[in-house]
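Coordinate-derived values only; no laboratory data. These numbers come from a predicted model, not from an experiment. Using ideal geometry, Cβ is built from the backbone for each residue, glycine included, and neighbour counts are taken over all protein chains shown.
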Amino acid sequence: MTIIWAGVVVSGEYSGWKVHIDDDRAGDTGGYYLYLKNGDVEGFDYWFEHKEELQSQLLDSILSRQNNLFFTAIT
């Protein structure tokens, strides 16, 4: 998998958590993973078959302030 984007949540419940998106189209799943991680203690992952689904989820989260996920890119 290749990390195609990384950032940090800057406000809300997950403030300070790291976020990165991996491209696994050439791998076993054939899609994209979004990882949300708080050090080595807590973490979540989400899988998307198509890039458009991933983009839609990110846009929905930002526009609706769902889960207070506001990102700032670090790469």
**Report entry** Directionally averaged projected area (convex hull, Cα atoms, segment 1-40), nm²
**Finding:** 3.1 nm²
Query raised in the report: Which ³J(HN,Hα) values in Hz, rounded to whole numbers, follow from the phi angles of segment 45-57 under the Karplus curve 6.51 cos²θ - 1.76 cosθ + 1.60, where θ = phi - 60° and Gly and Pro get x?
Result: 9, 10, 10, 10, 6, 10, 4, 5, 5, 4, 4, 5, 4
Report task. Using a cut-off of 10 Å between beta-carbons, work out the net charge of the residues near Gly43 (Lys and Arg +1, Asp and Glu -1, Gly43 not included). Result -> -1
